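These notes are about the structure you will find just below.
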Amino acid sequence: MITVVVLSERLDAVLPAAALPALRSAKAVYAGEGVPLEFWSSLGVDGPAPAVVPDGAVVITTSADAYPDANVITTPEPLGAALLDAAAVMHRLRSPGGCPWDAEQDHDSLRQYLVEETFELLEAIEDGDRASMREELGDVLLQVLFHARVAAEDPEDPFDIDAVASELVAKLVGRHPHVFEGNDPAVHDATSQQHRWEELKQAEKQRESSVDGVALGQPAVALAAKLVQRTKRAGFPVDLLPEGDDTGTTLFAVTALSKLAGEDPETELRQVCRRFAANVREAEAKARAEGLDSLAAEDWRRFLPS
């Protein structure tokens, strides 16, 4: 039997460790499809693969399709290898000869898509739709790749996707000393890790206030919940939270009580909204089935699910 070693198209001339025993005992080593001549020497190739490969030989190639009965050894792809393809595609789309629409975009014009794709991902998560989650995560990733590619062209302060990833890695490692440095006595469970994360972030960013860094542009319920969460960690007394009879203060109070109870008020409210929308659709469908194009108050009461 012959052995076929399939090289990764991303990792030039990198042999899988599992192929070493077969290469050491091979009667001959041949280069098959996709292996450039300049790699032959480093791979120990004796020559091009003949039409009929003798038993005991090894063929190094990028595709095993021509050898259906061979012992095939593949090169494991590193975790995240497909991200290289995604970055390369984004680079091509934005480069000369790529997509005219992509070439015209800037950070400001792309803002709406980041918001839209984020909410579409949230909806897929709420629906438990795994296929949609996979697709929407890709759309959110596209926004990251797109913004990083645009940023790389800035004449005064350029940065690229590698700079973005490197900064993320440094942040994750720095804020998880219990994982990457072996021990952190301040961390013993998920709750203490959350507190430790905020402590390290505040020290790292040299923030002067417990509410520094809170995105004030996020939806109001989420914003109120985040402010309550941050101030609670800073020891802010509950009785000093805003009080009043106006609509805004009442909504803040309800949000605060929910957050202090360990709930996520944004998610809770979204679930109620989705149920309400579903009930409205169901009532309207029932009305149409009975030939009604518009609903009076008594019709809504009759058709709306209880």
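The values are calculated or read from the model by the stated rules, or taken from the named source; none is laboratory data. Note that this is a predicted model, so its numbers are computed, not measured. All Cβ positions, glycine included, derive from the backbone under ideal geometry; neighbour counts span all protein chains shown. Quick note on the areas: whole protein, heavy atoms, side chains included, nothing else; ligands and nucleic acids left out. Shrake-Rupley method; radii C 1.70, N 1.55, O 1.52, S 1.80 Å.
Segment 208-225 and segment 72-102 have Cα centres spaced 36 Å apart. Heavy-atom accessible surface of the chain, averaged per residue, reaches 65 Å², computed with a 1.4 Å probe. Residues whose amide H comes within less than 5 Å of that of residue 72, counting only those at least five positions distant or on another chain, are 4 (H built at 1.01 Å from N in the peptide plane). Annotation note: GluC sites (Glu not before Pro) in segment 187-243 located in DSSP loop regions with a Cβ neighbour count of at most 14 within 10 Å are 208, 243. Looking at segment 237-300, none of the trypsin sites (Lys or Arg not before Pro) sits in a DSSP loop with at most 10 other Cβ atoms within 10 Å of its own Cβ. Orientation-averaged projection of segment 163-306 equals 14.5 nm² [convex hull of Cα atoms, one quarter of hull surface area]. The slack in the chain from residue 10 to residue 294, taken as 0.36 nm per residue of separation less the alpha-carbon distance, amounts to 96.2 nm. Among the chymotrypsin sites (Phe, Trp or Tyr not before Pro) within segment 107-174, those in coil by DSSP and having at most 14 neighbouring Cβ atoms inside 10 Å are 159.
Relative to the longest principal axis of the C-alpha atoms of the chain, give the angle of the C-alpha long axis of helix 190-205, reported between 0 and 90° and rounded to the nearest 10°. The angle comes out at about 90 degrees.
A Förster radius of 35 Å, combined with the Cβ-Cβ distance separating residue 194 from residue 102, puts the computed FRET efficiency at roughly 0.35. Note that the chain shows a convex hull volume over its alpha carbon atoms of 299 Å³ per residue.
Please label the shape of segment 3-74 as rounded, prolate or oblate, based on the square roots a ≥ b ≥ c of the eigenvalues of the alpha-carbon gyration tensor (a/c under 1.5 means rounded; beyond that, a/b larger than b/c means prolate, else oblate). Since a/c stays below 1.5, the shape of segment 3-74 is classed as rounded. Extension gain, residue 62 to residue 83: 0.36 nm times the residue separation minus the Cα-Cα distance gives 5.6 nm.
Subtracting the Cα-Cα distance of residue 37 and residue 243 from their residue separation scaled by 0.36 nm leaves 66.5 nm.
When a/c reaches 1.5 or more, the comparison of a/b and b/c decides; with that in mind, is segment 94-205 rounded, prolate or oblate per its Cα gyration tensor?
oblate
Placing unit charges on C-beta atoms (Lys and Arg positive, Asp and Glu negative, everything else neutral), compute the dipole magnitude of segment 90-210 about its Cα centre in debye, rounded to 20.
440
Report summary: the helix-based calculation at 222 nm, which adds -39500 (n - 2.57) for every DSSP H run with n ≥ 4 and divides by the residues of the chain, gives -17000 deg cm²/dmol.
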